[in-house]
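This report concerns only the one structure given below.
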Amino acid sequence: MDETFKPADALRGRLTPPPDKSISHRAAIVAAMGAGETAIHNYLDAADTRSTLAAISALGADVQPAPPSRTADTTPPVAGNRPLGGVEVRVRGVGLRAARPASIDVGNAGTLLRILPGWLAGQEAGEWTLDGDESIRGRPVDRVAQPLREMGATVTCRDDRLPPLAVVGAPLHAIDYRLPVASAQVKSCLLLAGLLAQGETTVTEPQPTRDHTERMLRAAGANLAIEDAGTPIAIRGSLPARRVRIAPAERLELDAITVPGDFSSAAFLAVAAVLVPGSRVELEGVGINPTRVGLLGILTRMGAAIDVVETAAAGSEPVGTLTASHSRLEGTRIGAGEVPLTIDELPLVALAACFAEGDTVVSGAEELRHKESDRIATVVDGLRGLGAEIEATDDGFAVKGSGSLRGGALDTAGDHRLAMLGAIAGLASSDGVEVNGFEAAEVSYPGFSADVEALLRPA
Ligand code: S3P
């Protein structure tokens, strides 16, 4: 499906972005591992997170979806706003050690593919396979297979690197693991395995990565300690890298969890407001966990008028309102220390850089090559096709900002973040952008076009 996004006059108004994809995946998995019933409020109803509900059902969890959580939003709908937008889901868990053998279709969900094997590896009887769509079949899983083997499970994958992934559960023993790549998915996988292992498992990150799993497992009663592992790369805006210690558990219990709005989805609308003259957008109910919001530091450094006010908490996750207004931008440099905190927003950094004065260079971001598409290639080719002066490097990209972007056509390569990047590029461009394969946006942000429309025509 192709959709065209014309140059916009201004985006104005406020809205609540859809529920967080990362936290929704984790909520469903941790609920399935639980001993009782968990009520998940504001679960993301999108392609990726539906795959996770189907997966936990196949493993024996009882999943009861309920209608959209219209009542969860206590403020009346306002112009350009909508209720929280997620769904209520009730999950009766199977318990830590009783997952049923199954073949699991993860669809396009890399987070499900990489996190779930940690739980399955520790089941003492049974075999599981995980497979997904064409894009999933190109995403490396050796990063989880290898440490899970070290813990005692039998894990095999195609060419020893790619899905399908087969797991034969076993009694696990703890390991002391230093992540070779800064990946929250791998860290999370090993923390789940650690719950089922003999002894204390430690996972050390080379750079800080999102810590939603740690927060949620603690809330569910896991015994987990987080230590500072030093900051190997001293870069402005970076957080200290961490070592997480997790003890084996008998049971997990999470009565209820509320998923905050997704910062990564909100980021598209915030950047649109920064790039389109005359814009001012307020985004409410957004998760502002410090391990997710690296983009805010980068945009602020570039000169963007973007404010955050913490307003509430969703369980152990901080929530706030972001206000973004049109601004003149300058180029900047982004290195490895900031990359994991901004990993899904780097395509937006590339777009913002096109509108900045001067050069922007992103390095230390080789991981972008292993996302839903090779995001160094797809972002560089996509934006260049719209008139940008952008070059790929081995581990990032370099942009020569010209203050504007012509427009044209952009192919999403089936990648949801490319679809929304093309849309925002269109709003900020001189000629508009036709986004080919726009349906990919459904993976994380159903209703994206309607939200953009609401901000273009505030009541
Ligand atoms: C995610 C972690 C990141 C991110 C992905 C979601 C998660 O991946 O890019 O969209 O939910 O843990 P990596 O762990 O591969 O960096």
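The values are calculated or read from the model by the stated rules, or taken from the named source; none is laboratory data. The shown structure was predicted, so the numbers you read here are calculated from the model rather than taken from an experiment. Because the Cβ atoms are built from the backbone with ideal geometry, glycine has one as well, and the counts that use them run over all protein chains shown. Heads up: the accessible areas ignore ligands, DNA and RNA and are worked out on the full protein's heavy atoms, side chains in. Shrake-Rupley method; radii C 1.70, N 1.55, O 1.52, S 1.80 Å.
Run residue 85 past the list (1) under 22 Å from the mean Cα position of the chain (by Cα); (2) modelled with pLDDT of 95 or more and report the number of the one that doesn't hold.
(2)
When only residues in the stretch 163-181 that are in contact with a Gly (Cβ under 9 Å, 6 or more places away or on another chain), more than 23 Å from residue 206 (Cβ to Cβ) and free of Cβ contacts under 8 Å to residues at least 40 places away in the same chain count, which is most open to solvent (accessible area, probe 1.4 Å)? Steps first, please.
In the first step, residues of the stretch 163-181 are kept if they are in contact with a Gly (Cβ under 9 Å, 6 or more places away or on another chain); the result is 163-164, 167-175.
With more than 23 Å from residue 206 (Cβ to Cβ) added as a condition, the list becomes 163-164, 167-173.
Next, from what is left, pick out any that are free of Cβ contacts under 8 Å to residues at least 40 places away in the same chain: 164, 173.
Working: 164: 46, 173: 89 Å².
Among those that are in contact with a Gly (Cβ under 9 Å, 6 or more places away or on another chain), more than 23 Å from residue 206 (Cβ to Cβ) and free of Cβ contacts under 8 Å to residues at least 40 places away in the same chain, it is 173.
Restricting to the stretch 115-132, count the residues that are within 16 Å of residue 153 (Cα to Cα), touching a strand residue (DSSP E or B) at 6+ places or on another chain (Cβ under 9 Å) and within 16 Å of the ligand (Cβ to nearest atom).
3
Mind checking whether some residue in the stretch 333-350 is hydrophobic (A, V, I, L, M, F, W, C), within 15 Å of the ligand (Cβ to nearest atom) and in a strand (DSSP E or B)?
no
Looking only at the stretch 400-416, which residues are on the phi < 0 side of the Ramachandran plot and part of a strand (DSSP E or B)?
400, 401, 402, 409, 410, 411, listed by residue number.
Pick from 119, 128: which is of a type outside the set (A, V, I, L, M), outside any helix (DSSP H, G or I) and closer than 18 Å to residue 53 by Cβ?
Residue meeting the stated conditions: 128.
Residues being under 30 Å from residue 180 (Cα atoms) and open to solvent by 50 Å² or more (accessible area, probe 1.4 Å): count how many of those fall in the stretch 301-341.
Adding up the residues that qualify gives 3.
One line per residue, one yes/no per condition, for (1) more than 17 Å from the chain's Cα centre (by Cα); (2) surrounded by fewer than 16 Cβ atoms within 10 Å (Cβ to Cβ); (3) in contact (Cβ under 8 Å) with a residue 60 or more places away in the chain; (4) not in a helix (DSSP H, G or I):
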position	(1), (2), (3), (4)
361	yes, no, no, yes
373	no, no, yes, yes
382	yes, no, no, no
392	yes, no, no, yes
398	yes, no, no, yes
418	no, no, yes, no
424	yes, no, yes, no
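Looking at this structure, is residue 184 closer than 30 Å to residue 314 by Cα, touching a Gly at 6+ places or on another chain (Cβ under 7 Å) and open to solvent by less than 20 Å² (accessible area, probe 1.4 Å)?
Values: closer than 30 Å to residue 314 by Cα: yes; touching a Gly at 6+ places or on another chain (Cβ under 7 Å): no; open to solvent by less than 20 Å² (accessible area, probe 1.4 Å): yes.
It is false that residue 184 is closer than 30 Å to residue 314 by Cα, touching a Gly at 6+ places or on another chain (Cβ under 7 Å) and open to solvent by less than 20 Å² (accessible area, probe 1.4 Å).
Residue check: is residue 283 buried (at least 17 other Cβ atoms within 10 Å of the Cβ) and either assigned to a helix (DSSP H, G or I) or of a type in the set (Val, Ile, Thr) (or both)? Outline the logic, then answer.
Working: buried (at least 17 other Cβ atoms within 10 Å of the Cβ): yes; either assigned to a helix (DSSP H, G or I) or of a type in the set (Val, Ile, Thr) (or both): no.
So residue 283 does not fit the description; no.
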